[in-house]
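Working notes, structure below.
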Amino acid sequence: MSDLSDKYESVEIVGRRDFGPDLWSVRVRHPEPFPFRPGQYATLGVALEGKPLERPYSIVSAPEEEELEFFFELIPEGALTPHLHRLQVGDTMLMRRRPKGLFLRAGLDPERIHLFLATVTGIAPFASLLRQLRLRAAGGGEAAPPRLAMVHGASFSHEFGYAAEMAELTRQLPGFEYVPTISRPWGDSGWEGETGRAEDVLRKHADRVGVRPGRGLVYLCGHPGMIATGRAVMLRAGLPDQDILEEQYWPEGKAPLGAKE
Ligand SMILES: Cc1cc2nc3c(=O)[nH]c(=O)nc-3n(C[C@H](O)[C@H](O)[C@H](O)COP(=O)(O)OP(=O)(O)OC[C@H]3O[C@@H](n4cnc5c(N)ncnc54)[C@H](O)[C@@H]3O)c2cc1C
């Protein structure tokens, strides 16, 4: 790995949680300080025959946390995630030395209503921001903006790996609301929550929380199909294009067969 070390750090996995056969999160220890802003991503990878195989992953943890956290979805025919999925506590992976990304760069406007829309792992950048708000509020720092809501979509409820934390955050952050919705309720008999794809219930919740032109900001993260439809729905609701922000996890129309909705 000698020649990779100029661009990459080797980070050790110090924690892992599995949320299902193809969804897991890890916490890694970075030997150096790794300053980043909520919304940014790190470039993670493995060395295969001395060559790096890498992909971008949004950071789940808040910048103030000791370790860095990531939430992964296994793409069985993908190039990298099968390798990452095999890594356990104590194993290492490659990480580029600098975070990247502009998503959520503008921060939160206290005068506006913020609506986050995510599919499965797309919750990552929002979790980082919410954790930072909680830490700041707990530390007596600036309070969270008046109204924050997240609509989080998945096929089945077990994919909501951060549901318990989000429920806790709704208690700790006044004005924050979390709406998980599943698109395949027929395969999830115990589910009593919202049903439908995230983009299909978007308008209902946007109207309910008061997202209006000039008053609301909408952030879309994850599945390209959700992002395209979500943007169209909010443009039809009269929101200006610049008030709809996005982070797309893979190119439109490129999902492997059987990929999650
Ligand atoms: C800014 C950014 C942040 C990202 N953050 C995360 C994150 O926090 N967690 C995470 O799991 N992924 C995240 N991704 C996606 C990640 O970078 C990889 O594309 C993904 O992990 C698949 O990598 P792979 O090498 O296994 O598959 P590849 O060989 O790269 O992809 C195989 C095929 O699957 C498609 N694909 C990629 N991801 C998915 C998916 N989730 N569902 C369906 N099809 C997909 C690709 O377009 C391609 O056609 C992010 C992407 C970007 C651009």
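The values are calculated or read from the model by the stated rules, or taken from the named source; none is laboratory data. Treat the numbers as computed from the prediction; the structure is a model and nothing was measured. Here the Cβ is made from the backbone with ideal geometry for all residues, glycine too, and neighbour counts use every protein chain on show. All accessible areas refer to the heavy atoms of the entire protein, side chains included, with ligands and DNA or RNA removed. Shrake-Rupley method; radii C 1.70, N 1.55, O 1.52, S 1.80 Å.
Here are the numbers for the structure shown:
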| quantity | calculated |
| --- | --- |
| Hits in the stretch 189-206 (condition: outside any strand (DSSP E or B), under 23 Å from the mean Cα position of the chain (by Cα) and either farther than 18 Å from Ala163 by Cα or not small (Gly, Ala, Ser) (or both)) | Trp191, Arg197, Glu199, Asp200, Val201, Leu202, Arg203, Lys204, His205, Ala206 |
| Residues satisfying the stated conditions in the stretch 38-96, i.e. in a strand (DSSP E or B) and of a type in the set (Asp, Glu) | Glu54, Glu69, Glu73 |
| Output for the stretch 97-120, where each listed residue is outside any loop (DSSP other than H, G, I, E, B) and closer than 17 Å to Leu245 by Cα | Lys100, Ile113, His114, Leu115, Phe116, Leu117, Ala118, Thr119 |
| Residue check, Pro56 open to solvent by 60 Å² or more (accessible area, probe 1.4 Å), near the ligand (Cβ under 9 Å from one of its atoms), under 15 Å from the mean Cα position of the chain (by Cα) and farther than 23 Å from Ala163 by Cα | yes |
| Residue list for the stretch 111-127, filter: more than 10 Å from the ligand (Cβ to nearest atom), of a type outside the set (A, V, I, L, M, F, W, C) and modelled with pLDDT of 95 or more | His114 |
| Subset of the stretch 90-105 [open to solvent by less than 20 Å² (accessible area, probe 1.4 Å) and out of contact with any helix residue (DSSP H, G or I) (no Cβ under 9 Å at 6 or more places or on another chain)] | Met95 |
| Flag if Leu87 is open to solvent by 10 Å² or more (accessible area, probe 1.4 Å) and touching a strand residue (DSSP E or B) at 6+ places or on another chain (Cβ under 8 Å) | yes |
| Test for Phe176: is it outside the structural domain of Leu74 (by TED's automatic domain parsing), of a type in the set (Phe, Trp, Tyr), surrounded by 15 or more Cβ atoms within 10 Å (Cβ to Cβ) and in contact with a Pro (Cβ under 8 Å, 6 or more places away or on another chain) | no |
| Qualifying positions in the stretch 207-240 - of a type in the set (Lys, Arg) and not in a loop (DSSP other than H, G, I, E, B) | Arg208, Arg231, Arg236 |
| Search result, residues across the stretch 63-91 that are more than 7 Å from the ligand (Cβ to nearest atom) and within 24 Å of His223 (Cβ to Cβ) | Leu68, Glu69, Leu74, Pro76, His83, Leu84, His85 |
